[in-house]
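The structure appears right after this line, and notes come after that.
The values are calculated or read from the model by the stated rules, or taken from the named source; none is laboratory data. Please read these numbers as outputs of a predicted model, since none were measured by experiment. Note that we place each Cβ from the backbone using ideal geometry, even for glycine, and neighbour counts take in every protein chain shown.
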Amino acid sequence: MKNDTQLQADIMEELKWEPTIQAAEIGVAVKDGIVTLSGQVDSFAKKWAAERAVKRVFGVRGLTEEVKVKLVNPVILKDEEIADTVAKVLLWNSGIPQHRIRTVVQDGHITLNGDVDWKYQKEAAEDSVRHLNGVTGVTNWISIKPATPAVKESDVKNRIESALRRNARLLLASQKIQVESSGNKVVLSGSVGSLAEFEEAEASAWSAPGVTEVLNNLTVTG
């Protein structure tokens, strides 16, 4: 297992490797495998990219993110202009039921509300607006309300376990993951070796038909 100094060095190298950000803008502190990011960037997209870069590093057990967004674009966009662009972007994305999503923009911060059938649609909505000019943050309150018929709990459990075993990123970790289902809720427990595996396992659980909630109790051992 890496010590905190080794992990900090690896994270700083990964931030330098990420072409969309300037590593010098990001401060990195590590304690017991828990990473804290600080600093200031000029777009929300850069803040998000820094977070994703950290989660790729083996040994990261958790992440606290304190990076601030300060826009430097000389063209100041009004909230209503951003809201209008968001509506158009969501409309242009064929995978998103735009008519079921409501948007509020305040001081450049976008809040998404409404409901969709699948978790991937919720994530697609956020992905579509994250990189827009003038955005300082995104809060995603979209809920999952599947239109598919109810699925037997045993079927949900079996399908997710099969998906975990098929996943190349979880080839070894799948043996240490336990899956339980109750109604539309899935609970994951056990352990994985990285934060990336933690998220991959959760994504697999969300792909099961009828799932509206995933409680990820997996432990990252590093």
* Asked: Can you pull out the residues in region 171-193 that are in contact with an Asp or Glu (Cβ under 9 Å, 6 or more places away or on another chain), surrounded by 15 or more Cβ atoms within 10 Å (Cβ to Cβ) and within 21 Å of LEU63 (Cα to Cα)?
  -> ALA173, LEU188, VAL192
* Structure fact -> Checked LEU132, LEU164, LEU215 against criteria (without any contact (Cβ under 8 Å) to a residue 60 or more places away in the chain, part of a loop (DSSP other than H, G, I, E, B), on the phi < 0 side of the Ramachandran plot and not assigned by TED's automatic domain parsing to the domain that holds ALA49); the one match is LEU132
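Condition check ((1) at positive phi; (2) at pLDDT below 95; (3) in a helix (DSSP H, G or I)) across all residues:
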{"residue": "ALA9", "(1), (2), (3)": "no, no, yes"}
{"residue": "LEU15", "(1), (2), (3)": "no, no, yes"}
{"residue": "ALA24", "(1), (2), (3)": "no, yes, yes"}
{"residue": "VAL28", "(1), (2), (3)": "no, no, no"}
{"residue": "VAL35", "(1), (2), (3)": "no, no, no"}
{"residue": "ALA45", "(1), (2), (3)": "no, yes, yes"}
{"residue": "GLY95", "(1), (2), (3)": "no, yes, no"}
{"residue": "VAL105", "(1), (2), (3)": "no, no, no"}
* Taking the condition surrounded by fewer than 20 Cβ atoms within 10 Å (Cβ to Cβ), outside any strand (DSSP E or B) and on the phi < 0 side of the Ramachandran plot, does ALA53 pass? -> no
* To do: Collect the residues in region 65-86 that are exposed (fewer than 12 other Cβ atoms within 10 Å of the Cβ) and not polar (S, T, N, Q), keeping them in residue-number order.
  => GLU66, LYS68, LYS70, VAL72, PRO74, VAL75, ILE76, LYS78, GLU80
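Conditions tested, residue by residue: (1) in contact with a helix residue (DSSP H, G or I) (Cβ under 8 Å, 6 or more places away or on another chain); (2) in contact (Cβ under 8 Å) with a residue 12 or more places away in the chain; (3) among the polar types (S, T, N, Q).
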site: VAL41; (1), (2), (3): yes, yes, no
site: ALA49; (1), (2), (3): no, yes, no
site: THR64; (1), (2), (3): no, yes, yes
site: LEU71; (1), (2), (3): no, yes, no
site: ALA87; (1), (2), (3): yes, yes, no
site: SER94; (1), (2), (3): no, no, yes
site: PRO97; (1), (2), (3): yes, yes, no
* Residue check, ARG102 against (1) touching a residue at least 24 places away in the same chain (Cβ under 8 Å); (2) in contact with a Gly (Cβ under 9 Å, 6 or more places away or on another chain), all met but one. Which one? -> (1)
* Asked: Does region 150-158 include one or more residues that are within 27 Å of LYS47 (Cα to Cα), part of a helix (DSSP H, G or I) and not aliphatic (A, V, I, L, M)?
  -> no
* Structure fact -> When (1) surrounded by fewer than 18 Cβ atoms within 10 Å (Cβ to Cβ); (2) farther than 26 Å from ILE21 by Cα are applied to GLN121, the one that fails is (1)
* **Qualifying position, being surrounded by 14 or more Cβ atoms within 10 Å (Cβ to Cβ) and in contact with a strand residue (DSSP E or B) (Cβ under 9 Å, 6 or more places away or on another chain), among VAL89, VAL104** => VAL104
